[in-house]
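Before any comments, here is the structure.
The values are calculated or read from the model by the stated rules, or taken from the named source; none is laboratory data. These numbers were taken from a predicted model, which means no experiment stands behind them. Glycine gets a Cβ as well: all are built from the backbone with ideal geometry, and neighbour counts include every protein chain shown. Remember, those area values only see protein heavy atoms, side chains included, never the ligands or the DNA or RNA. Shrake-Rupley method; radii C 1.70, N 1.55, O 1.52, S 1.80 Å.
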Amino acid sequence: MKKTFEQIVNTEKSATAFFRKLCWDNYRRYCIRCHSFQYYRTAQQTMRCKRCGYTFHDFTGRWISKSQIPYRQWLLLIKFFEAELPAKQITDKLTISYPTTLKALELLRLAIIANAPDSSSWLDYFYFRGKEWVDRQKKEALVGVFGIIEQQGRVKIDILKYFPMTTLITLKPKMLRDTKIFYTDACYPYVALIFHNFKGSQQYEKQDEYQETYKINGESDFWSYAKSKILKHRGISLDKFPHYLKELEFRYNHRDGDLFYLLCKYLVSFIPKADNE
Ligand SMILES: [Zn+2]
């Protein structure tokens, strides 16, 4: 019988058991380096592979291991994230600090990207931090552009790499109120292109209220949904923008699903390795 949230969040022990169970199919543990099922327990309560000698514990190499938050606190944090509570409110409800909450939320968003069907093309973003992209020959700043593909009620957000502003201006982008987030009309196969922190922003008047509030003819269902969510946030920074877009994709595609369970699953999934690591 599936345990209720109250049952798993009851004690630190029950919370740990819940996450541990999510890590392994039928509790069948294996060496996370060479995949051998042959291991033994060490005196320090870790496992050691008989084949390659690697020492690991249940959460080694998984997103959840990147934070020291107690597992009960993790469960509550995921519940609040599911309900879209702001980071400040989440911190007030838990016994962790504000920076720890922010870090945990970032880990959740990275885990969402890592579990997206196109995660490999997003790998760069795991290690990208608000870096400026510049075309050195033309001495021009480049802007990261994302494309929305929408089909049969599902959405996919693509990374379209970096473009110079001069190219983007020809697409006549509109700014979403004063968010510094810009979007274009449909641009096949994309229902819209979006980007953040467009430096030519002063040239663009904000959209009138009508177009922001209501879906305009032919506009994507997802983008209407995303706009209202983005406007509820008081500003999204350039380096958090890609993560936030993928969070919206996840929420939209699983709008009828069990977000809490999926997020717990993602949190104990393995962190993908970067090629240059
Ligand atoms: Zn091994």
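Structural remarks
- Taken over region 27-46, the criterion of being more than 10 Å from the ligand (Cβ to nearest atom), surrounded by 13 or more Cβ atoms within 10 Å (Cβ to Cβ) and not β-branched (V, I, T) is satisfied by R29 alone.
- Residue check for A141: outside any loop (DSSP other than H, G, I, E, B), among the small types (G, A, S), at pLDDT 85 or above and not assigned by TED's automatic domain parsing to the domain that holds P86: no
- Inspection of region 18-33 finds no residue satisfying the criterion of being among the polar types (S, T, N, Q), in a helix (DSSP H, G or I) and closer than 30 Å to Y244 by Cα.
- Any hit, region 11-18, residues being acidic (D, E), at pLDDT 95 or above and either within 10 Å of the ligand (Cβ to nearest atom) or under 27 Å from the mean Cα position of the chain (by Cα) (or both): yes
- Residue identified as within 14 Å of the ligand (Cβ to nearest atom), modelled with pLDDT of 95 or more and under 30 Å from L248 (Cα atoms) among T60, T91, T55: T60
- Within region 68-87, considering residues that are open to solvent by 20 Å² or more (accessible area, probe 1.4 Å), over 19 Å from D258 (Cα atoms) and part of a loop (DSSP other than H, G, I, E, B), the one farthest from the ligand (Cβ to nearest atom): P86
- Taking the conditions (1) exposed (fewer than 14 other Cβ atoms within 10 Å of the Cβ); (2) closer than 14 Å to H243 by Cβ; (3) modelled with pLDDT of 85 or more in turn, R154 satisfies each one other than (2).
- The residue pairs whose first member lies in region 252-265 and is at negative phi and in contact (Cβ under 8 Å) with a residue 60 or more places away in the chain, whose second member is surrounded by 14 or more Cβ atoms within 10 Å (Cβ to Cβ) and acidic (D, E), and whose beta carbons are closer than 9 Å, counting only pairs six or more residues apart or on different chains, are L259/E82; F260/E82; L263/E82.
- When residues of region 1-17 are limited to those that are of a type in the set (S, T, N, Q) and outside any helix (DSSP H, G or I), the one nearest to Y261 (Cα to Cα): T4
- Here region 176-222 is the region considered, the condition is being open to solvent by less than 30 Å² (accessible area, probe 1.4 Å) and among the acidic types (D, E), and the residue that is modelled with the lowest pLDDT is E212.
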